[in-house]
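Peer 1: A single structure is presented below for examination.
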Amino acid sequence: MSGLPRTGLARVLEELGSTLLEVVCGDVEQAGDVGGVVIYDPLDEPELPSRALVFGVGLHDPAGLARVVTKLGRHGAAGLVVRAPVVPDAALVAAAREAGVVVLSFARGASWTHLAGMLRPLTTEGGGPQTPTVRSGDLFAVANAIAALLDAPVTIEDRNSRLLAFSSRQEETDHSRVQTILGRQVPGHYTRILEERGVFQAIYRSDRPVFVAPLPEPVDPALPPELPRAAIAVRAGDEILGTIWVVVPEPLDEERGEALYEASKLVAMHMVWQRAEADMERRLRVELLSTALESGPGSLEAVRRLGLKDEPAVVLALTVVGSAAEPPLPAQLAAERRRLADAFAMHLSAAHPRAATALIGDVAFGVLPLPQHREDAEERAVGIAAEFLARVGSRLRPLIGVGPPAADSSALARSRSGAERTLRVLRSGIGGQQVARLDDVHVDALLIELADLVPRGDIPSGAIARIVAYDREHQSSLFETLRAWFDAFGDVAAASAAMYVHTNTFRYRLRRAAEVGRLDLGDPGARLSAMLQLRLMSIRSAPDG
């Protein structure tokens, strides 16, 4: 009886991500299934399983790689893995294309043995992401195993000092470690002291354990003193994934240091799997939610797979913008969007267990099921969004647009469109709101869309263009006078007060604006044209305009 189908090379790369393997040349989609992993021996004619993934240990020369790729193609190999860096020349690219062999580069410093161990469950019959030998959920078991080897409490942390796993015996540690366990994050004051002392730099520069002396003085004199630690970086090739921290009274001896070094390699495998699994789950969720929000042929199945029902719901759209005065770096903006998207997903799930959320591009979309027969369902969605913004802390400016209610899954596309239109108004800064429904900003949304249709050279035109040109030449304020008059619905007293000028002065300026622009303020069509131009100019000057 035949086994389950093997995993394709494209799926293998999805599982492992780009941390360890990168495509140099060749068509991954045409590579097909991977039938096994073998090591290439240049002194012995290889006997390869069908569609083998070959480890080219020691192969570097591009010309030699082209010959090997041609030979592997005759044996039906799927791919060749060589140590990075690899700069493909024309001969190698041509050989890979003709032989149908994909050439992959393997990160420097990473272990071939560990790569083989990670690939084996994916490339054997019946293998796949559901049956790997290394699982991210085993990190707590690994932490306990390391603690048993070293006879000391252990934590495993990522690059941002967030706690990933911890061993038993934490009651033997100090206040900072307890705070780390409770908060799932190393306390900020502790990391700052370590950074100031250059501890992280020392850990990242070394591939062996680094002894970390205790803090010079306790945070609270009433607490016991902090304990020393040994730490080692967790690496996948040249990339640092995180650190392992062990509470020990003195530096590790050679035997225990070697044990921690070997353990760091195992932890690296787990962390790579953790990243691959999270990336794959995130990509799947993005695909499903994107399909559901299109309300197309496959939307009903996508809704079902997301755990939703064909029921009333509303779409919310969340994004983050920086300030014009201090624009954030793109990486900071992207990281904050991911952080808030995760928090948004948790918040909506607390509001309704079937809520579904995913970050699509730079916007986190959430589908929130609505209670049946509630007239205030849309207002409730706005309240949930406002509560999220009140609770979440962000150095940037998060915004949430709430779309109109959808009666069922077939109307989710309309709700998404409304949420996106609302979010665009919020991005522009009109009104200064952070949460809004489409009904709240419908006029501004229409004006923004109208501004998209009008060529930039056409605004201002006619009377408004003449007034703007006069102001620029004579340093006057006829444009602002006209705008104040429109904003006050023709109420001269209110408009003059808004501009802090006498009513007679305001009337003079208004008459002068009409004369300069040759604008008949008694003509409804002329007034509408002028008002639209003023509003569109204001929108064009906004950040999103």
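The values are calculated or read from the model by the stated rules, or taken from the named source; none is laboratory data. Note that the structure is a prediction, hence the values are computed from the model and not measured. Neighbour counts run over all protein chains shown; Cβ positions are idealised from the backbone, glycine included.
Peer 1: Out of all the residues in region 378-427, which are assigned to a loop (DSSP other than H, G, I, E, B) and surrounded by 24 or more Cβ atoms within 10 Å (Cβ to Cβ)?
Peer 2: Gly403, the sole residue that qualifies.
Peer 1: Name the one entry in Leu266, Leu252, Leu318 that is at pLDDT 90 or above, of a type in the set (A, V, I, L, M) and not assigned by TED's automatic domain parsing to the domain that holds Leu438.
Peer 2: Leu252
Peer 1: When you go through Asp440, Asp458, Asp487 one by one, which is the residue that is of a type outside the set (A, V, I, L, M), out of contact with any Phe, Trp or Tyr (no Cβ under 6 Å at 6 or more places or on another chain) and over 30 Å from Ala386 (Cα atoms)?
Peer 2: One residue alone meets the criteria, Asp458.
Yes/no matrix, rows are residues, columns are (1) more than 15 Å from Ser538 (Cα to Cα); (2) in the same structural domain as Leu318 (by TED's automatic domain parsing); (3) among the aromatic types (Phe, Trp, Tyr):
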{"residue": "Gly418", "(1), (2), (3)": "yes, yes, no"}
{"residue": "Ile464", "(1), (2), (3)": "no, no, no"}
{"residue": "His474", "(1), (2), (3)": "yes, no, no"}
{"residue": "Ser477", "(1), (2), (3)": "yes, no, no"}
{"residue": "Ala488", "(1), (2), (3)": "yes, no, no"}
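Peer 1: State whether the residues of region 81-93 include one that is surrounded by 16 or more Cβ atoms within 10 Å (Cβ to Cβ), aliphatic (A, V, I, L, M), modelled with pLDDT of 90 or more and touching a Gly at 6+ places or on another chain (Cβ under 7 Å).
Peer 2: Yes, because at least one residue in region 81-93 is surrounded by 16 or more Cβ atoms within 10 Å (Cβ to Cβ), aliphatic (A, V, I, L, M), modelled with pLDDT of 90 or more and touching a Gly at 6+ places or on another chain (Cβ under 7 Å).
Peer 1: If I ask for residues that are crowded, with 16+ Cβ neighbours inside 10 Å and within 25 Å of Ala90 (Cα to Cα), which ones from region 48-66 would you list?
Peer 2: Across region 48-66, the qualifying residues are Arg51, Ala52, Leu53, Val54, Phe55, Gly56, Leu59, Pro62, Leu65, Ala66.
Peer 1: Between a residue in region 439-461 that is more than 25 Å from Gly517 (Cα to Cα) and any residue that is hydroxyl-bearing (Ser, Thr, Tyr) and loosely packed, with under 11 Cβ neighbours inside 10 Å, which pairs come within a Cβ distance under 7 Å, given they are 6 or more apart or on different chains?
Peer 2: Close Cβ pairs satisfying both conditions: none exist.
Peer 1: Testing Arg472 on (1) more than 33 Å from the chain's Cα centre (by Cα); (2) at pLDDT below 85; (3) of a type in the set (Lys, Arg), one condition comes back false. Which one is that?
Peer 2: In the conditions (1) more than 33 Å from the chain's Cα centre (by Cα); (2) at pLDDT below 85; (3) of a type in the set (Lys, Arg), Arg472 misses (2) alone.
Peer 1: Quick one: in region 294-340, which of the residues that are among the charged types (D, E, K, R) and within 14 Å of the chain's Cα centre (by Cα) is surrounded by the most Cβ atoms within 10 Å (Cβ to Cβ)?
Peer 2: Here the residue is Arg337.
Peer 1: Then there's this: So is Val492 more than 30 Å from Val320 (Cβ to Cβ) and of a type in the set (Val, Ile, Thr) or not?
Peer 2: So Val492 passes the test.
Peer 1: Moving on. Pick from region 94-115 the residues that are surrounded by fewer than 16 Cβ atoms within 10 Å (Cβ to Cβ) and outside any loop (DSSP other than H, G, I, E, B): which of them is modelled with the lowest pLDDT?
Peer 2: Looking at the filtered set, the residue picked out is Thr113.
Peer 1: Out of all the residues in region 48-59, which are more than 15 Å from Ser105 (Cα to Cα) and either at pLDDT below 75 or part of a loop (DSSP other than H, G, I, E, B) (or both)? Break it down stepwise before answering.
Peer 2: As a first pass, look at region 48-59 and keep what is more than 15 Å from Ser105 (Cα to Cα): 48-52.
Selection gives Leu48, Pro49, Ser50, Arg51.
Peer 1: Next up: Could you tell me whether region 388-406 includes any residue that is over 30 Å from Phe506 (Cβ atoms) and free of Cβ contacts under 8 Å to residues at least 40 places away in the same chain?
Peer 2: Yes, region 388-406 contains a residue that is over 30 Å from Phe506 (Cβ atoms) and free of Cβ contacts under 8 Å to residues at least 40 places away in the same chain.
Peer 1: Can I ask one more? Of the residues in region 341-364, how many are crowded, with 18+ Cβ neighbours inside 10 Å, in contact (Cβ under 8 Å) with a residue 60 or more places away in the chain and within 21 Å of Ala436 (Cβ to Cβ)?
Peer 2: Residues flagged as crowded, with 18+ Cβ neighbours inside 10 Å, in contact (Cβ under 8 Å) with a residue 60 or more places away in the chain and within 21 Å of Ala436 (Cβ to Cβ) within region 341-364 amount to 3.
Peer 1: While we're on this one: Can you name the residue in region 11-47 that is among the aliphatic types (A, V, I, L, M), crowded, with 17+ Cβ neighbours inside 10 Å and modelled with pLDDT under 80 and is also nearest to Ala96 (Cα to Cα) among such residues?
Peer 2: Of everything passing the filter in region 11-47, Ala31 is nearest to Ala96 (Cα to Cα).
Peer 1: Report whether or not Asp523 is acidic (Asp, Glu), under 29 Å from Val441 (Cα atoms) and not assigned by TED's automatic domain parsing to the domain that holds Arg427.
Peer 2: It is true that Asp523 is acidic (Asp, Glu), under 29 Å from Val441 (Cα atoms) and not assigned by TED's automatic domain parsing to the domain that holds Arg427.
Peer 1: If you go through region 283-296 one residue at a time, do you hit one that is free of Cβ contacts under 8 Å to residues at least 24 places away in the same chain, among the β-branched types (Val, Ile, Thr) and out of contact with any Cys (no Cβ under 9 Å at 6 or more places or on another chain)?
Peer 2: Among the residues of region 283-296, at least one is free of Cβ contacts under 8 Å to residues at least 24 places away in the same chain, among the β-branched types (Val, Ile, Thr) and out of contact with any Cys (no Cβ under 9 Å at 6 or more places or on another chain), which makes the answer yes.
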